[in-house]
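For reference, the structure is listed below as structure tokens.
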Amino acid sequence: MALRPGGYNRRLPQKREEPYRINLLIRGLPQVRLVGENVEQGIYEIAQALAIAQAQELDLVEISPNADPPVCRVVDYSKFKYEQKKKQKELKAKQSKVVLKEIRFGPNTDDHDFNFKLKHALNFLKEGSKVKAYVHFVGRSIVFKDRGELLLLNFAKGLEEVGKLDEMPRLEGKRMSIILSPKAPKK
């Protein structure tokens, strides 16, 4: 690490390591399997593969180093990197995050509160979020476990059109909980 004039150490920007070895950076290999456009596929000596790539004014890129023999492609490297970034971006866009919304009840929750929370859970499930509903027992209210279980089962029954119950009510410490997942939309 270099010492800066101000008397403190600061990390210097480091060069980003390329994910693929290209051209003369491909060392220590006697032979490679060559693929690409305008190239006869097959196994070539490394020098011969480099010569083929240079003749087409393209790069030799090692795309599968763990294969036996390693696979190299004759391609324009900057274009290849662009295509790889584009693929990564598409994959990332297709991923969906699972959101878990929580709804809390007490063992003596009134009908109005229950219906209010049921409507919220209905909206959450329609949006595609999972819903975790739990009854929190405070103090001596733990003796009303059966009320809590009935409350959660009624809650799941009220949402059975848009959500499915992942597991039956389970007591963990002072909380009894269920998790509901949205049903797949019918096609």
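Cross-link check: pairs Lys89/Lys126; Lys81/Lys101; Lys86/Lys132; Lys117/Lys183 evaluated at a Cα-Cα cut-off of 30 Å; pairs beyond the cut-off: Lys81/Lys101; Lys86/Lys132. Report the GluC sites (Glu not before Pro) located in the stretch 15-121 that are in a DSSP loop and have at most 16 other Cβ atoms inside 10 Å of their Cβ, or state none. Answer by residue number: Glu17, Glu37, Glu40, Glu57. For Phe124, neighbours were defined as the other residues whose beta-carbon sits under 12 Å from its Cβ, and their charges (Lys and Arg +1, Asp and Glu -1) total +4. For trypsin sites (Lys or Arg not before Pro), the sites in the stretch 125-181 that DSSP calls loop and that have at most 15 other Cβ atoms within 10 Å are Lys174.
All C-alpha to C-alpha distances of the chain, sorted into 10 Å bins beginning at zero, yield P(r) values of 8, 22, 13, 9, 13, 18, 13, 4, 0 percent in whole numbers.
In the chain, what % of DSSP beta bridges are antiparallel (nearest 5)?
So the antiparallel bridges amount to about 70 percent of the total.
Computed over the stretch 23-84, the percent of Cα pairs more than 12 Å apart is 63.
The residues neighbouring Pro182, those whose beta-carbon lies less than 9 Å from its own, together hold a net charge of +3 under the Lys/Arg +1, Asp/Glu -1 convention.
A helix-only calculation puts the chain at -10500 deg cm²/dmol for mean residue ellipticity at 222 nm, using -39500 (n - 2.57) for each DSSP H run of at least four residues, averaged over all residues.
Positive contributions from Lys and Arg (+1) and negative ones from Asp and Glu (-1), summed over other residues with Cβ under 9 Å from the Cβ of Val99, come out at +2. Based on the Stokes-Einstein relation at 20 °C and a viscosity of 1.002 mPa s, and on the Kirkwood radius from alpha carbon pairs, the stretch 100-182 is assigned a translational diffusion coefficient of 172 µm²/s.
In sequence order, the stretch 82-90 has phi-based couplings of 4, 4, 5, 4, 4, 4, 4, 5, 5 Hz under the Karplus curve 6.51 cos²θ - 1.76 cosθ + 1.60, θ = phi - 60°, and Gly or Pro positions carry x.
Residues whose amide H falls under 5 Å from that of Asp76, counting only those 5 or more places apart or on a different chain, are Asp59, with hydrogens built in the peptide plane.
No value in this document is a laboratory result; all are computed from the given coordinates. Just so it is clear, the model here is predicted, and its values are computed rather than measured. Backbone-built Cβ (ideal geometry, glycine too); neighbour counts: all protein chains shown.
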